[in-house]
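Taken together, the values in this text are just the output of simple stated rules run on the coordinates, not laboratory data. In this text, all values refer to a predicted model and were calculated from it rather than measured experimentally. Using ideal geometry, Cβ is built from the backbone for each residue, glycine included, and neighbour counts are taken over all protein chains shown.
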Amino acid sequence: MAAGTLRDNYELAVIGAGPAGLAAATLAARAGLATVVLDEQAAPGGQIWRAVSETPVQRRSVLGADYWAGAARVRDFEASGAQYVPGATVWSLARDREIGVSIAGGSRLLKAQRVIIATGALERPMPIPGWTLPGVMSAGAAQILLKSSGLITRGRTVLAGCGPLLWLLAAQYLRAGGTLAAILDTTAGSTWRSALAHLPGFLLSPYFRKGLPMLLAARRSVRVVAGVRVLRAEGRDAVETVVWQGDDGIEQRLSADILLLHQGVVPNVNLAISVGIEHRWDDDLLCFAPVLDGWGNSSIEGIAIAGDGAGIAGVAAAELRGKLAALAAIRALRPGSTMAGLPDEASIRTQLAADARGRRFIDLLYRPAAAFRIPQGDTIVCRCEEVTARQIVETVALGCSGPNQMKSFLRCGMGPCQGRLCGLTVTELMAQARNVDPQKIGYYRLRPPVKPITLAELAALPKSEAAVAAVVRG
Amino acid sequence: MFRRLSEIEETNLNLTVDGQGISARAGDSVAAAMLAAGIIQCRITPVSGAPRAPWCLMGVCFECLVTIDGIANRQACLVRARPGMDVETGRGKREVG
């Protein structure tokens with residue numbers, strides 16, 4: 001779709017087409033709001049339902065029922081009347097809800113009366129020695145290759161880290177006919193203590209019912225090493241060996257062609273922080289999350305956040321929070337709307353609470369260990385600018401109090417990824433070095449454009465007379 | 001390093017990477033097409049010249065930056081493979097002139 005087919009104004013703009021974005025847009029469009037969905041990906045579904053309407057993996061058992069549930073959501077969305085714009089990279093969002101978006105190499109600006117940010121999650125960085133070597137990638141990346149292209153790894157594949165996605169990927173790989181040389185589980189033994197109190201809620205939840213078979217299937221056919229405390233990848237131009245230590249401190253080695261890392265997901269905060277939405281450190285989930293009211297509304301008038309970008313809570317909660325944010329938009333723009341079929345707010349909140357009870361145990365059990373979040377020495381933290389943990393700690397010794405002062409010394413966080421792959425690591429590293437709370441250290445100051453665009457795209461934007469007068473002389 | 005599931009129909013979309021012809025499946029991103037063809041390394045870094053490969057495949061890590069049809073620094077994971085595409089892997093630091 002060309003940028004030209006977009007309108008200048010919408011009642012609601014939804015950014016992202018994962019579970020939250022689809023639920024919000026479907027509901028809002030059905031209620032009659034002029035709704036546009038700007039999606040950076042090529043097809044709706046976000047990452048969890050990635051390529052669900054076009055995946056080549058047609059054996060339904062491979063990706064599982066929860067994946068295929070997305071197909072119905074996409075069909076509902078497509079029938080809702082919302083305008084869908086794939087391949088649309090939002091590079092700026094202003095406080096007055098003007099959105100800068102790049103589509104197929106052309107940029108334009110549009111405005112919306114309400115904006116719902118549904119940009120979801122990204123995988124928490126796992127900065128171990130050697131994580132930049134070719135052949136080392138995130139488990140989520142491997143899952144994306146499976147969903148969108150039907151690709152699985154060939155050769156000796158090692159999975160390492162912790163969290164539900166690790167086991168889900170293992171189960172999907174095995175069902176697809178793939179093989180795994182080993183799963184190295186980095187779950188810290190100590191997390192059981194804090195998680196245990198929430199075990200009853202978990203045992204009664206779908207998370208247990210669905211998770212247990214995956215875990216057992218992986219354990220039946222793959223070598224699973226629990227209690228991994230130290231981990232690194234070695235190789236010259238690509239990974240050749242995975243090296244680890246358990247509690248006994250004895251170094252073990254395994255030849256590997258592919259190492260897939262994962263230790264949970266965190267909110268994708270770049271767009272929300274760039275518009276000035278307040279974020280706070282969540283000490284349980286070890287990440288920054290936006291400050292929102294019960295409808296997902298942020299501190300900025302008319303801008304809400306739904307889904308994992310509002311704080312990690314998973315797919316079911318993402319859809320429910322998407323609906324709440326849409327209800328808020330409908331009530332604001334169509335006061336007194338009596339559309340039949342509007343979901344009941346109280347019932348949504350009851351479902352959200354039930355889901356949270358089941359999830360709490362997983363959140364605490366898979367809280368990643370400090371050793372894999374806060375690296376030391378020559379381990380690369382900023383992949384783009386190749387800045388090491390030692391260099392960052394040295395800037396603290398020089399008197400740097402936070403990431404924004406530090407980056408002017410090291411360019412850390414100033415490469416093309418704009419801190420997405422190092423931001424949390426830097427905050428925690430500096431917090432540890434200064435012995436203060438991560439909240440006090442804060443996060444990178446982020447500014448638009450939050451994704452790189454070409455100068456030509458900026459120059460081609462329509463200009464107001466005032467803007468021209470500001471720079472043209474004579 | 002990667003292989004297609006056996007039930008997936010053959011790939012018949014042709015593009016070139018650094019002058020070498022590869023075939024992809026419609027729906028592949030450029031990054032997926034490269035990985036499927038055994039091209040793991042997509043660039044060397046501008047800072048140290050270290051080899052890199054895609055990390056996230058969802059648009060956040062920028063490791064898969066390549067030149068596509070003459071336009072540099074494109075995220076290969078966000079661009080769909082098209083017939084006749086000319087992809088060049090990243091060669092590190094830009095030179096002036």
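Annotations for the structure displayed:
- Rounded to 5, the percent of DSSP beta bridges in the protein assembly as shown classed as antiparallel: 55 percent
- Derived scalar couplings ³J(HN,Hα) [the stretch A:296-310; Karplus, 6.51 cos²θ - 1.76 cosθ + 1.60; whole Hz; x for Gly, Pro]: x, 5, 8, 5, 9, 3, x, 10, 10, 10, 10, x, 5, x, 8
- About the Cα centre, charge dipole magnitude for the protein assembly as shown (Lys/Arg +1, Asp/Glu -1 at Cβ), debye: 380 debye
- For peptides A:334-342, A:220-228, sequence by mean Cβ density within 10 Å, most packed first: A:220-228, A:334-342
- Test item: A:447-457 mean partner chain Cβ contacts at 10 Å: 1
- Size of charge dipole - chain B - debye, nearest 20, with Cβ of Lys, Arg +1 and Asp, Glu -1, no other charges: 280 debye
- Cut-off under 5 Å, modelled amide H: who pairs with A:Leu122 long-range: A:Val266, A:Asn268
- Converting phi to 3J(HN,Hα) with the Karplus coefficients 6.51, -1.76 and 1.60 and the offset θ = phi - 60°, the stretch A:258-266 yields 9, 10, 10, 10, 6, 9, x, 10, 9 Hz in sequence order, with x at every glycine or proline.
- Placing one equal scatterer on every Cα of the protein assembly as shown and applying the Debye formula, the log10 ratio I(q)/I(0) at q = 0.06, 0.10 Å⁻¹ is -0.28, -0.84.
- Burial order of peptide ranges B:46-53, A:417-424, A:465-472 (average beta-carbon count within 10 Å, highest first): A:417-424, B:46-53, A:465-472
- Candidates A:Cys412, B:Ala26, B:Ser6 compared by Cα position along the dipole of the protein assembly as shown: farthest toward the positive end lies B:Ser6, with charges placed on Cβ.
- Label separation (A:Trp192 vs A:Glu98): 5.8 nm, computed from points 7 Å beyond Cα along the C-beta direction.
- Average partner coverage of A:135-141, which counts Cβ from other chains inside 10 Å: 6
- Partner aspartates and glutamates for A:Lys210 [C-alpha distance under 17 Å; skip if fewer than 8 residues away on the same chain]: A:Asp66, A:Asp355, A:Asp363
- Distances between placed amide hydrogens fall under 5 Å for B:Val17 paired with B:Ile22, B:Val87, all partners being 5 or more residues away or on another chain.
- Separation of the A:Asp76 and A:Ala332 label points, Cα + 7 Å toward Cβ, nm: 2.3 nm
- Relative contact order [Cα under 8 Å, 6+ residues apart], chain B, whole percent: 31 percent
- Segment A:Lys210..A:Arg253, full-extension length gain: 12.2 nm, with 0.36 nm per residue of separation and the alpha-carbon distance subtracted.
- For A:Ala88, the residues 5 or more places off, or on other chains, whose built amide H falls under 5 Å of its own are A:Asp39, A:Glu40, A:Gln41.
- Across the stretch A:320-461, the relative contact order, built from alpha-carbon pairs under 8 Å that are at least six residues apart, equals 17 percent.
- Spin-label model, A:Ala65/A:Arg7: points 7 Å from Cα along the beta carbon direction are separated by 4.0 nm.
- By the count of other C-beta atoms within 10 Å, a proxy for reagent exposure, B:Lys93, A:Lys451 are ordered fewest to most as B:Lys93, A:Lys451.
- Unpaired by the 4.7 Å Cβ criterion, cysteines found in the protein assembly as shown: A:Cys162, A:Cys287, A:Cys384, A:Cys400, A:Cys417, B:Cys42, B:Cys64, B:Cys77
- Sequence-separation-based contact order of chain A, relative, with Cα cut under 8 Å and 6+ spacing, percent: 19 percent
- Distance from the stretch A:434-448 to the stretch A:22-88 (C-alpha centre basis), Å: 35 Å
- Potential extension, A:Asp437-A:Val472 segment - 0.36 nm per residue separation minus Cα distance: 7.7 nm
- Each 5 Å bin from zero holds the following percent of Cα-Cα pairs in the stretch B:12-91: 3, 18, 31, 28, 14, 4, 1, 0.
- Residue-by-residue Karplus 3J(HN,Hα) for the stretch A:103-120, coefficients 6.51, -1.76, 1.60, Hz, glycine and proline x: 10, 6, x, x, 10, 7, 10, 9, 10, 9, 6, 9, 10, 10, 7, 10, 8, x
- Inter-chain neighbour count for A:378-386: the average number of beta-carbon atoms from partner chains within 10 Å of each residue's beta-carbon is 3.
- Cross-link pairs A:Lys407/A:Lys451; A:Lys111/A:Lys440; A:Lys147/A:Lys323; A:Lys147/A:Lys451; A:Lys407/B:Lys93 - those with Cα-Cα distance over 28 Å: A:Lys111/A:Lys440
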